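*Asks:* For reference, the structure I am asking about is given below.
The values are calculated or read from the model by the stated rules, or taken from the named source; none is laboratory data. Fair warning: this is a prediction, and the values are worked out from it, not measured in the lab. For neighbour counting, all protein chains shown are included, and Cβ atoms are generated from backbone atoms with ideal geometry for every residue, glycine included.
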Amino acid sequence: MNPNYELDPDEVAYNFGFLDEFAKREVRRAILKAIAIPGYQTPYASREMPMGRGFGTGGLQLTLALVGPDDRLKVIDQGSDDSVNAVNLRRFIELTCPGVDTTEATREATLIQSRHRIPEHPLGEDQVLVLQVPYPDPLVLVEPSERKRKAMHGEGDYSRLLTRLYEDIVQFEEITIAHRYPTRIAAHYVIDPSPIPRYDVPRLHHSPALILLGAGRERKIYAVPPYTDAVPLAFDDVPFRVEAFLDPDGVRRPCARCGATDTYLDEFLDAAGAKVYQCSDSHCCNERCLSGQQEGAR
Ligand SMILES: [Zn+2]
């Protein structure tokens with residue numbers, strides 16, 4: 001090796017957004033197709049990322065293909081900005097996208113990458129929400145062959161999914177699906193909306209923000225474009241309903257920290273073994289705690 005040869009820092013640095021420009025263009029083309037055909041699972045050449053599949057590589061590739069130096073990015077996992085998955089993804093994006101600001105405030109973010117939740121604060125037209133998806137196809141529960149599933153999607157034939165929901169009602173007297181609730185987009189394709197709770201499913205309907213879903217392992221991208229119908233599968237006499245968080249007396253449980261009665265609550269056990277309910281959206285909860293303190297101080 002020539003001892004006079006010095007490495008040019010630009011030469012060894014990561015390409016902005018880690019992915020090469022060709023890969024980013026390919027993801028963007030898949031995004032455009034996904035927006036043009038709402039709910040359709042668009043195949044793309046998912047790249048190897050320096051993290052295990054299943055850790056959000058699909059969402060990450062969407063974010064890296066979209067993010068620019070003027071963006072403000074929020075990364076959450078199960079509603080929290082501080083969980084290991086969110087922190088690792090945020091660090092990776094900071095490392096490979098110099099100049100991109102990160103934020104925890106939902107309303108300040110232009111791009112939000114999330115796992116398992118849609119933020120409590122309503123999203124606007126100038127925001128894009130990226131959801132990490134482990135299993136993109138809701139029909140996988142009822143049909144193992146991908147070829148047959150594609151035909152069923154093409155024909156809008158979801159009778160076997162509806163039968164499954166019906167079997168649930170017969171057995172348990174209600175639909176027991178807690179996460180990944182099958183949702184029909186623009187009156188045709190039914191999507192797996194990623195493992196968001198039922199509570200978040202109505203937020204897909206006519207969302208002003210573009211919602212993109214990426215499955216890295218399964219190599220699929222699909223979209224709920226702004227102001228698009230997103231209707232959970234249900235029956236006329238057994239309508240879709242969200243988690244109610246009622247106590248045995250039928251009263252809505254409040255968040256143990258901020259007292260909110262209009263947010264999605266996580267349930268966990270405290271040191272004494274008692275059940276505690278707390279907002280799953282950590283930023284929203286912190287903000288409400290702060291405003292509560294300020295009001296108390298007045
Ligand atoms: Zn709270």
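*Asks:* For segment 262-287, how many residues are in contact with a Pro (Cβ under 7 Å, 6 or more places away or on another chain) and modelled with pLDDT under 95?
*Replies:* Residues in segment 262-287 being in contact with a Pro (Cβ under 7 Å, 6 or more places away or on another chain) and modelled with pLDDT under 95: 0 in total.
*Asks:* Condition check: among the aliphatic types (A, V, I, L, M), within 16 Å of the ligand (Cβ to nearest atom) and touching a helix residue (DSSP H, G or I) at 6+ places or on another chain (Cβ under 8 Å). Does residue 260 satisfy that?
*Replies:* Considered against the rule, which asks whether it is among the aliphatic types (A, V, I, L, M), within 16 Å of the ligand (Cβ to nearest atom) and touching a helix residue (DSSP H, G or I) at 6+ places or on another chain (Cβ under 8 Å), residue 260 comes out as yes.
*Asks:* Going through segment 263-281 one residue at a time, which ones are within 10 Å of the ligand (Cβ to nearest atom) and in contact with an Asp or Glu (Cβ under 6 Å, 6 or more places away or on another chain)?
*Replies:* Across segment 263-281, the qualifying residues are 263, 277, 278, 280, 281.
*Asks:* Collect the residues in segment 234-255 that are more than 16 Å from the ligand (Cβ to nearest atom) and either closer than 17 Å to residue 174 by Cα or aliphatic (A, V, I, L, M) (or both), keeping them in residue-number order.
*Replies:* 234, 235, 236, 237, 238, 239, 240, 241, 242, 244, 246, 251
*Asks:* Separate question: Output the qualifying pairs, or none if there are none: Cβ atoms under 6 angstrom, residues six or more apart or on different chains, first residue in segment 176-201 and in contact (Cβ under 8 Å) with a residue 12 or more places away in the chain, second residue of a type in the set (S, T, N, Q).
*Replies:* Here the result reads 186/228; 191/183; 193/183; 201/183, each pair linking segment 176-201 to a residue that is of a type in the set (S, T, N, Q).
*Asks:* Which of (1) more than 15 Å from the ligand (Cβ to nearest atom); (2) not assigned by TED's automatic domain parsing to the domain that holds residue 173 is the odd one out, the single condition residue 228 does not satisfy?
*Replies:* Single failed check for residue 228: (2).
*Asks:* Conditions: (1) under 22 Å from residue 104 (Cα atoms); (2) away from the ligand (no atom under 15 Å from the Cβ). Residue 285 meets all but one. Number of the miss?
*Replies:* Just one mismatch for residue 285, condition (2).
*Asks:* Would you confirm, using the coordinates I've provided, whether residue 59 is at pLDDT 95 or above, buried (at least 23 other Cβ atoms within 10 Å of the Cβ), in contact with a His (Cβ under 7 Å, 6 or more places away or on another chain) and in the same structural domain as residue 220 (by TED's automatic domain parsing)?
*Replies:* no
*Asks:* Under 8 Å between Cβ atoms, which residue pairs at least 6 apart in sequence (or on different chains) link something in segment 255-279 that is not assigned by TED's automatic domain parsing to the domain that holds residue 198 with a partner that is more than 13 Å from the ligand (Cβ to nearest atom) and aliphatic (A, V, I, L, M)?
*Replies:* 275/269; 276/269
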